[in-house]
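What follows is a short report on a single structure.
What follows is calculated from the coordinates using simple rules that are stated; it is not laboratory data. All values derive from a computational prediction rather than experimental measurement. No Cβ is skipped: glycine too gets one built from the backbone with ideal geometry, and neighbour counts run over all protein chains shown.
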Amino acid sequence: MEGVPTELELVGDSHHIETSYVLGFFLGKTADEAYDMYRSDDFVPGGLEAFSYLSVRGLEYYLPPAIRYIESIDSSGNNEFVSGLLSALSDQMFHEPIRKCWSPRIPPNPLPPHIVDSIRRLAEYVRLNLKKFEMKESEIATSLLEINAAPPQ
């Protein structure tokens with residue numbers, strides 16, 4: 001994997017309120033720093049909203065440490081992070097085609113198959129490990145549905 005994503009790689013050349021979330025939480029952070037950030041209470045909920053607006057390059061870099069965190073013992077009981085991340089990722093997958101229509105200022109961000117596969121595997125991991133996160137499937141049902149029903153991008 002290439003190094004830490006640049007500002008241009010994270011948000012492109014457009015600047016709007018959503019990009020400030022992305023830059024505020026992710027700009028200049030290494031994957032290990034992102035992992036530590038995910039573990040902190042400071043990341044929720046603003047950082048999770050930033051996940052909704054990460055570019056493909058940002059997802060390629062910052063999603064693996066999020067998955068590593070969720071799969072680790074460190075995430076036990078952290079249902080706020082888990083449900084928030086699944087919601088943000090479902091936005092990325094399910095709403096991306098719609099977002100292109102209603103907000104032309106936001107650059108297109110179609111997700112490549114390897115990211116879609118990673119998101120779907122993560123969703124399935126969470127579904128199979130609900131007790132670990134002290135969650136009920138009903139709490140993430142919409143996100144799971146959107147992730148699995150996302151149209152091709």
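When the stretch 62-82 is filtered for residues that are touching a residue at least 40 places away in the same chain (Cβ under 8 Å) and not in a helix (DSSP H, G or I), the ones remaining, listed by number, are 76, 77, 78.
Scanning the stretch 1-30 for residues that are part of a helix (DSSP H, G or I) and of a type outside the set (Val, Ile, Thr) yields a total of 11. Applying a threshold of 8 Å to beta carbon distances and a minimum spacing of six or more residues, or different chains, the list of pairs starting in the stretch 31-42 at a residue that is in a helix (DSSP H, G or I) and ending at one that is of a type in the set (Lys, Arg) and surrounded by 10 or more Cβ atoms within 10 Å (Cβ to Cβ) reads 35/68; 37/29. The single condition among (1) part of a helix (DSSP H, G or I); (2) in contact with a Phe, Trp or Tyr (Cβ under 9 Å, 6 or more places away or on another chain) that residue 120 does not satisfy is (2).
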